[in-house]
Amino acid sequence: MKTYSLGSIINKYGGLIQTGPFGSQLHQYDYSQEGIPVVMPKDIKNGRIDENTVARIPERKAQELSRHCLKQGSIVFPRRGEISKCAYIEADQEGFLCGTGCIKIELPREVLSPRFFFYYLGLRHVVEWLERNAIGTTMLNLNTSIIGGIQIPDINIRRQIEIADVLSAYDELIEKNRRRIDLLEHAVRLLYKEWFVHFRFPGHEHVKINNGVPDGWEKAKIKDYFDLLGGFAFKSQIYQESGKYGIVTIKNVHNAQFIPDCSAYIDEIPESMKEHCHLCTGDILLSLTGNIGRVCIIFGENFLLNQRVAKISPRKNIPKCYVYWTFNNEGMQRNLENLAYGVAQQNLSPVKVGELDFILPQSRILDLFESYVEATFNIICNLNLVNQNLKKSRDLLLPRLMNGEIAV
């Protein structure tokens with residue numbers, strides 16, 4: 001099929017590929033509690049902008065930077081780091097600002113459907129092309145020229161829109177499940193905070209506080225109760241584009257979300273790999289490099305743990321739900337971020353993490369918490385599995401729709 005570069009299409013028909021404002025245009029002191037959201041790479045999640053993490057600037061400052069304003073149908077890329085992800089701007093996020101660390105794309109809609117192009121960007125060969133052509137080794141970087149070099153198949157605009165409409169039906173189901181997951185996560189976080197931060201657990205009225213914790217609870221170090229088990233140093237020479245086992249790296253560990261799409265696979269497990277590196281549904285992971293301190297639950301089968309990601313393994317009989325929400329809460333993540341070191345790329349030392357303070361409640365309270373939230377934990381895992389299957393179906397469908405193998 002004939003292809004054209006994105007840059008040539010924009011040069012001929014209009015549109016733009018533009019980086020966010022320079023650091024000299026947008027300073028740390030410009031940010032405020034309220035105002036216009038400014039999109040940074042960390043805010044790009046699940047093809048949208050996560051408004052829970054986004055920083056803001058006053059409307060007056062946003063007007064000065066209006067050329068960086070995002071429109072419905074704009075597509076936003078990170079300039080560095082996780083360059084395989086991008087976000088499509090829906091109507092409810094129009095008016096957000098493209099931040100310093102991002103690049104925005106605006107397309108000539110008479111020849112290129114923004115939503116079709118967004119789905120096209122998720123195809124494996126496109127992601128791999130970007131990674132091969134990105135600049136840097138420790139951290140990959142994109143620029144407008146690289147993005148302009150993306151090759152797009154010659155498909156007429158009507159068919160593009162029809163294909164995008166088919167795929168959007170899958171995305172609507174995925175988004176409904178994501179919202180449900182977010183609500184469930186939020187509800188348990190509130191319960192965790194109520195019981196284990198504010199100490200308003202069932203029966204707290206009759207329990208005294210000694211040395212900052214309720215009677216019968218223990219103040220300890222993380223290393224006293226948990227092992228942070230490192231991944232295996234796989235040799236890149238054995239990697240394949242597809243295979244039986246997916247290699248889980250820091251790219252797969254997002255905040256409270258496991259990304260099951262692996263960039264490398266193998267068919268045979270190395271003999272020297274330790275058993276804990278063979279991951280199972282319900283395993284809890286912690287990122288140690290880049291966006292450090294991210295925690296997620298594994299779902300699915302045939303995943304292997306790579307280095308620079310740790311598996312959180314309780315050494316004693318501590319319920320899994322308590323473990324997950326202990327590491328996946330604001331207070332713990334702030335502590336982990338404060339431990340990070342490195343300039344070009346942040347790193348987290350498992351030894352230093354082990355020195356962090358940890359509170360172990362009475363077993364009665366732990367068991368009660370587990371009985372309240374275990375069903376929620378399982379629902380979250382199951383909804384993630386459903387979404388994984390929906391994504392697989394959607395991504396398998398796109399190439400077949402493009403080449404006409406399946407009629408729209």
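No value in this document is a laboratory result; all are computed from the given coordinates. Predicted, not measured: the structure shown is a model, and the values here were computed from it. Note that we place each Cβ from the backbone using ideal geometry, even for glycine, and neighbour counts take in every protein chain shown.
In summary, the aspartates and glutamates within cross-link reach of residue 392, defined as a Cα separation below 18 angstrom excluding same-chain residues under 8 places away, comprise 128, 165, 171, 172, 175, 241, 261, 301, 405. Sorting 97, 184, 279 by the number of Cβ atoms found within 10 Å of their own Cβ, with the fewest placed first, yields 184, 279, 97.
Partners of residue 71 within straight-line reach, counting aspartates and glutamates whose Cα lies under 14 Å from its Cα and excluding those fewer than 8 residues away in the same chain: 90, 92, 94, 106. Across the chain, C-alpha contacts under 8 Å between residues 6 or more apart give a mean separation that, scaled by the residue count, equals a relative contact order of 15 percent.
What FRET efficiency comes out for the pair residue 32/residue 407, r = Cβ-Cβ distance, R0 = 56 Å, nearest 0.05?
On the way: r = 51 Å, r/R0 = 0.92.
With R0 = 56 Å, the Cβ-Cβ based efficiency is 0.65.
For the stretch 310-408, the square roots of the Cα gyration tensor eigenvalues, ordered a ≥ b ≥ c, give a/c of at least 1.5 with a/b no greater than b/c, which places it in the oblate category.
Close amide H partners of residue 294, meaning residues 5 or more places away or on another chain with modelled amide H under 5 Å apart, are 287.
In the neighborhood of residue 13, defined by Cβ-to-Cβ distances under 10 Å, what is the net charge if each Lys or Arg adds +1 and each Asp or Glu adds -1?
Once positives and negatives cancel, what remains is +1.
The distance between label points at residue 24 and residue 236 comes to 3.6 nm (points 7 Å beyond Cα on the Cα→Cβ vector). Residues of the chain were split at every exposed loop site, defined as trypsin sites (Lys or Arg not before Pro) in a DSSP loop with at most 16 other C-beta atoms within 10 angstrom, and the longest piece left, sites excluded, is 317-408. The angle between the Cα long axis of helix 330-339 and the main principal axis of the chain comes to about 80°, on a 0 to 90 degree scale. Checking the cross-link pairs 45/235; 223/311; 42/176; 2/391 against a 19 Å limit on the alpha carbon distance flags 45/235; 42/176; 2/391 as lying beyond it.
Distance from the C-alpha centroid of the stretch 305-325 to that of the stretch 60-90: 35 Å, rounded to the whole angstrom. Each of 309, 54 was scored by other Cβ atoms within 10 Å of its Cβ. Arranged with the fewest first, they read 54, 309. Taking amide hydrogens as placed 1.01 Å from N in the peptide plane, the amide H of residue 227 sits under 5 Å from those of 313, 315, each at least 5 positions away in sequence or on another chain. Taken along the Cα-to-beta-carbon direction at a fixed 7 Å, the label points for residue 191 and residue 352 span 3.4 nm. Stretched out straight at 0.36 nm per residue, the stretch from residue 371 to residue 339 would grow longer than its current Cα-Cα span by 8.2 nm. Where does helix 124-133 land angle-wise versus the long Cα axis of the chain, in degrees 0 to 90, nearest 10? It is inclined by approximately 90 degrees.
Each Lys or Arg adds one and each Asp or Glu takes one away; over the other residues whose Cβ falls under 13 Å from the Cβ of residue 140, this sums to +2.
Residues 245, 13, ranked from the fewest to the most other C-beta atoms within 10 Å, line up as 13, 245.
If you take the Cα centroid of the stretch 1-44 and the Cα centroid of the stretch 208-246, the two points sit 37 Å apart.
For residue 244, the residues whose modelled amide H falls within less than 5 Å of its own, excluding neighbours fewer than 5 places apart on the same chain, are 266, 267. What FRET efficiency do you get for residue 66 and residue 125 if R0 is 41 Å and r is their Cβ-Cβ distance, rounded to the nearest 0.05? Rounded to the nearest 0.05, the efficiency is 0.70.
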